[in-house]
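Engineer: I have a structure here, written as structure tokens, and I will follow up with some questions on it.
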Amino acid sequence: MRVVVTGQVGLDKKPFLARVVELAAEGDFALALCNIGRMMYAEAPDVAPGKILDLPLSRLHSLRRSVFKDVLATCGRADGVIINTHATFRWRHGLFYAFDYDQMKALGAELYVVLVDNIDRVHYRLTRDGVTDHSLKDLMVWREEEMLATELLSQIVRGHGHFYICARGDGDTTAETLMNLICRPHLKKAYLSFPMSHVDGASAAVAEIDAFRREMKRHFICFDPSDVEEKALCAAALEAAEGGRRTLEVGPPAARTVMETSQVLDILADIDGQIYARDFKLIDQSDMIISLIPTLQDGRPGLSSGVERELQHAHEATKDVFVIWRPATPPSPFITETATRVFGSVDQAVRFFLDNNYVPPAPTGGLFG
């Protein structure tokens with residue numbers, strides 16, 4: 001299994017992918033990791049850290065080609081290889097591609113994965129590393145460019161069905177998702193659908209959704225839209241603007257970052273547009289959608305417009321559509337007529353999946369399914 005993993009700057013891909021390799025080893029899957037950037041610096045010891053993109057494009061191109069020959073040699077020796085690279089570069093030279101088609105064709109990777117993360121986390125990491133010559137708009141654009149270029153590369157080299165978007169996230173959950181995608185391709189892929197903004201403050205519904213997410217991830221390769229959640233950033237920016245504050249501080253306690261309010265306001269439409277497009281792509285790369293509709297505190301179904309659109313998109317994409325309906329009131333025909341199956345609880349859904357071979361046994365006879 002050969003896997004190309006791309007993504008914009010500010011993702012800290014190296015430690016994340018190193019953890020993917022560790023998790024694979026715990027399951028007796030051997031993966032080698034080739035970090036193209038690190039290999040290029042090793043090939044050019046005269047280049048100071050962080051300065052490689054300042055080289056003339058001709059030398060940068062030669063360095064990349066030389067390093068990729070080593071990657072191809074590694075692929076000849078290892079059962080599984082992750083190639084950590086970029087699809088594009090956006091730097092002082094402008095925008096340019098970061099791969100060579102002939103070498104990618106020779107590589108013949110089976111998977112092309114682009115990592116994405118919350119834009120505030122990307123901003124935090126870049127600022128932490130002293131990289132400040134970028135705007136939030138630049139980062140949003142680069143994220144889209146990486147996604148588009150990676151998908152195009154996969155289509156050209158391998159055809160349809162080899163491109164995936166995965167969340168970088170924190171902790172082992174997202175690393176396990178990527179590890180399973182690489183090492184356990186026999187597992188079915190599920191998009192998890194549930195209301196998000198509709199359940200703010202409804203602690204029982206939030207707890208139920210969290211339990212649903214954990215249980216589904218025990219059985220499937222799950223693409224979870226909450227792994228990249230930027231709507232809270234929009235609300236924080238609007239509140240800061242109303243209060244006349246020029247900056248806002250966001251992020252978890254260990255990774256707080258200060259952002260200019262005007263820059264966040266400038267990307268509000270980009271955040272909404274990318275959520276809309278990305279979530280549909282996550283559905284398209286899945287075998288099925290599993291949606292939990294909780295009961296809100298006032299007894300109403302926690303059915304948001306976003307969940308309804310996701311269910312309809314999955315139905316029209318001929319995916320299996322499974323709905324776990326928790327409210328006492330019955331679902332409308334707009335749910336039942338588009339659903340493959342409606343369950344009353346998570347336990348009912350899991351029993352159905354187990355009884356109907358949606359959770360296949362692990363294959364025998366070698367690595368990677």
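Quick note: the coordinates plus some simple rules give every number you see, no bench work behind them. Owing to the predicted nature of the structure, the values given are computational and were not obtained by experimental measurement. Using ideal geometry, Cβ is built from the backbone for each residue, glycine included, and neighbour counts are taken over all protein chains shown.
Engineer: Quick check on the stretch 1-185: take the gyration tensor over C-alpha atoms, sort the square-rooted eigenvalues as a ≥ b ≥ c, and tell me if it's rounded (a/c under 1.5), prolate or oblate.
Structural biologist: Cα axes put the stretch 1-185 in the rounded bin.
Engineer: Another question about this same structure. Classify the stretch 152-299 as rounded, prolate or oblate, taking a ≥ b ≥ c as the square roots of the eigenvalues of its Cα gyration tensor: rounded when a/c is under 1.5, otherwise prolate if a/b is larger than b/c and oblate if not.
Structural biologist: oblate
Engineer: Label residue 226 and residue 332 with points 7 Å out from Cα along Cα→Cβ: what is the distance between them in nm?
Structural biologist: Distance between label points: 2.4 nm.
Engineer: Further, regarding this structure: Label residue 74 and residue 26 with points 7 Å out from Cα along Cα→Cβ: what is the distance between them in nm?
Structural biologist: The modelled label-to-label distance comes out at 2.3 nm.
Engineer: List the aspartates and glutamates whose Cα lies under 16 Å from the Cα of residue 51, skipping any in the same chain that are fewer than 8 positions away.
Structural biologist: Those aspartates and glutamates meeting the cut-off are 43, 129, 133.
Engineer: Based on the alpha-carbon gyration tensor of the stretch 255-369 and its eigenvalue square roots a ≥ b ≥ c, which shape applies: rounded if a/c is under 1.5, prolate if not and a/b is larger than b/c, or oblate?
Structural biologist: oblate
Engineer: Based on other C-beta atoms within 10 Å, arrange 223, 343, 280 from fewest to most.
Structural biologist: Fewest to most other Cβ atoms nearby, the residues stand as 280, 343, 223.
Engineer: May I have the extent of the alpha carbons of the chain along their three principal axes, as whole Å values ordered from largest to smallest?
Structural biologist: Extents along the principal axes: 69, 63, 34 Å.
Engineer: Please determine, in degrees from 0 to 90 and to the nearest 10, the orientation of helix 119-128 with respect to the longest principal axis defined by the Cα atoms of the chain, where the helix direction is its Cα long axis.
Structural biologist: Tilt relative to the chain: about 40 degrees.
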